[in-house]
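Encoded as structure tokens, the structure appears first; notes follow it.
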Amino acid sequence: MGPERALGLLRHARWPLLLVAVVAEAVSLVGYADLFRHVLRVLDVRLAFGAVMNIVLAGLSFSHLFGAGGAAGMVVSYNALRKRDAPHGLIFVAIAAQNFFTYIVLWVMFLVALVSVVSSGRLHPWSYGLALILIAALLWLTGYGLYLYRHRPKMRRRVSQIVGLINRAYRRERIRPDQIDEWLDSLFAAMRHMSTHRGAKRTAVAYSCMFWVFDLLCLYLVFVALGYHVPLAALTVSYAVANSVGSLAPTPGGLGAVEGLLITLLVSFDVPSPEAVAVVLVYRLINFWLPIPVGFGSYLAIRGAPGPGAP
């Protein structure tokens, strides 16, 4: 009965609303590209919006197809920016800053939604206990990173230790130890520049909010298009947990982890299983699969574009 009901929901979906959901996802990606462009501009790397959008879409398509925590997408972004003569130290900082602002907003979304749901008494104690442990771990890692940033000799030692572990794991020198000081010096200089740039952090947070809020809106619109209304707090908690854990999964783009967690959490909030499955599958079609062919077109545009020094 479950699969038949899910298929029935899809057959009777309101397609204009699904189209609006696609538009919401497109606006979300624009926010993500604007965040990256803003970070680059603060670091004095100035590119047109179209170029940054192509880099972001190409990076996302590779992240969605290959694992290793989105490393493939970072490599695509790095190579595209190096082709435009951006200093490699600043590229490293720009990618790190983009990810920092992206995920710090996601964690705050989760905390706010969690407080709302817990205060309503709808969440079982063991469920929010596990969620709080996860968020506490993420916040501790963030705090520890800030501590290392303020105690730079310790940060250099920790980074050297991590590089040593990576090189031993690969049984070859994937990262040259003599590059560590250069990268960290670039990081410190760039982060100092970003900290003193007026309004830089507020603007970055605003673009990150645009990315997450419109992606969440896409999920909500899919629910409405399939004829089911879900409480916003429950939807936000499910969305934030699934994306937080999915970002740590070894699968490309959190494939499997995001879907499984999102369905499980929605069902725990009394969403019927057929509706949860149908909505999540349609949402992930829009959110995960649809950008891939577009991103490959962007990748071809990046590869075919001449560098700034070309005649």
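Just so it is clear, none of the values below were taken in a lab; they were calculated from the coordinates. Here the structure is a predicted model, which is why all the values come from computation and not from measurement. Because the Cβ atoms are built from the backbone with ideal geometry, glycine has one as well, and the counts that use them run over all protein chains shown.
Using a cut-off of 11 Å between beta-carbons, work out the net charge of the residues near residue 203 (Lys and Arg +1, Asp and Glu -1, residue 203 not included).
Here the count lands on +4.
How charged is the neighbourhood of residue 53? Take every other residue with its Cβ under 12 Å from the Cβ of residue 53, and add Lys/Arg as +1 and Asp/Glu as -1.
Neighbourhood net charge equals 0.
What is the spin-label model distance, in nm, from residue 100 to residue 165 if the labels are put 7 Å beyond Cα along the C-beta direction?
Taking the simple label geometry, residue 100 and residue 165 are separated by 2.1 nm.
What does the highest-first list of 154-164, 293-303 look like by mean Cβ count within 10 Å?
Sorting 154-164, 293-303 by mean packing, highest first, produces 293-303, 154-164.
For the stretch 171-286, calculate the relative contact order in percent as a whole number, restricting contacts to Cα pairs under 8 Å that are 6 or more residues apart.
The normalised contact order for the stretch 171-286 reaches 20 percent.
Using the count of nearby Cβ atoms within 10 Å as a rough guide to exposure, how do 212, 140 rank from fewest to most?
Listed from fewest to most nearby Cβ atoms, that is 140, 212.
Using r as the Cβ-Cβ distance of residue 147 and residue 182, and R0 as 25 Å, what FRET efficiency do you calculate, to the nearest 0.05?
Approximately 0.65, to the nearest 0.05.
Grab the Cα-Cα distance for residue 66 and residue 198, subtract it from 0.36 nm times how many residues apart they are, and report the gain in nm with one decimal.
That works out to 43.8 nm of additional length.
By how many nm would the segment from residue 154 to residue 267 lengthen if fully extended, with 0.36 nm per residue of separation less the alpha-carbon distance?
This chain segment gains 36.2 nm when fully extended.
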